[in-house]
Amino acid sequence: MGVEHLPVVVLVRLERAANFGTDHPMRVVTREVAFEPDGWTPERRASVAELFDGLAPEWHTREVPGRYDALNDALERGDVPTDGPTLELGSGTGLSTPLLAEHFPGLIAADLSVEMLRLAPVDAAPRLQADSSQLPFPDGSLQVLVVINMLLFPTEMARVLAPHGVLVWVNTSGDRTPIYLPADDVVAALPGDWTGKAGEAGTGTWCAVRRTP
């Protein structure tokens with residue numbers, strides 16, 4: 001049981017300098033939201049929305065070589081189904097959305113930031129403004145959740161996933177990503193028992209997990 005850590009098959013193409021540590025503000029927020037029931041307050045929600053609204057105009061500058069190595073590796077080796085309703089959380093300005101739309105015909109792209117969504121491509125996937133702590137989907141209605149450089153809301157994400165649904169968690173810069181959790185912490189935060197695969201590719205890390213049968 002637990003997570004199977006796969007061997008590395010995509011080597012680092014582009015080194016990225018670390019300019020933060022475990023005390024980075026978003027790293028602190030990430031852990032508190034994942035592991036503390038009251039970690040996501042209305043004040044924090046407003047602050048995060050304001051932060052990313054402000055970052056939206058320059059978000060395209062994160063389109064760098066190797067950005068999708070971990071995501072592609074997860075889709076290739078993570079046993080992720082491609083049919084059924086799929087939700088991309090933290091879709092931002094849609095950097096990853098066109099790639100995901102090629103894999104998932106039922107894709108919806110969601111983000112908390114209105115400004116991010118305003119700058120996202122209109123033809124890649126339907127766009128949804130949503131707070132991921134309160135998603136507008138019935139229990140068990142989604143086959144896949146793709147979460148890239150995004151906060152983990154364990155209870156809510158588990159609620160909307162189908163019994164055999166898959167959560168795909170990607171950090172494009174691995175442990176240098178401000179919003180980061182290792183695979184074992186993702187599984188530890190989710191309610192119940194989960195199993196799956198995890199890997200590293202280029203500068204990124206990923207895991208794809210589902211409830212233990």
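Which one is surrounded by the most Cβ atoms within 10 Å (Cβ to Cβ) among residues in segment 94-105 that are free of Cβ contacts under 8 Å to residues at least 40 places away in the same chain and under 17 Å from the mean Cα position of the chain (by Cα)? It comes out as GLY94.
Taking the numbered list (1) in a loop (DSSP other than H, G, I, E, B); (2) in contact with a strand residue (DSSP E or B) (Cβ under 6 Å, 6 or more places away or on another chain); (3) open to solvent by 40 Å² or more (accessible area, probe 1.4 Å); (4) not aliphatic (A, V, I, L, M) in turn, SER132 passes all entries but (3).
If you take the residues in segment 140-179 that are assigned to a loop (DSSP other than H, G, I, E, B) and of a type in the set (Ser, Thr, Tyr), which one is farthest from the chain's Cα centre (by Cα)? Only one residue tops the list, namely SER141. Considering segment 1-88, the qualifying helices (runs of 4 or more DSSP H), each wholly inside and each with 2 or more residues that are at pLDDT 95 or above, loosely packed, with under 14 Cβ neighbours inside 10 Å and out of contact with any Leu (no Cβ under 6 Å at 6 or more places or on another chain), run over 42-55.
Within segment 79-93, residues that are hydroxyl-bearing (Ser, Thr, Tyr) reach partners that are surrounded by fewer than 18 Cβ atoms within 10 Å (Cβ to Cβ) with beta carbons closer than 6 Å, at six or more positions or on different chains, in the pairs THR82/HIS103; THR86/GLY106; THR93/LEU119.
The values are calculated or read from the model by the stated rules, or taken from the named source; none is laboratory data. Being a predicted model, the structure only gives us computed values, none of them experimental. With ideal geometry, Cβ positions are generated from the backbone for all residues, glycine too; neighbour counts draw on all protein chains shown. Quick note on the areas: whole protein, heavy atoms, side chains included, nothing else; ligands and nucleic acids left out. Shrake-Rupley method; radii C 1.70, N 1.55, O 1.52, S 1.80 Å.
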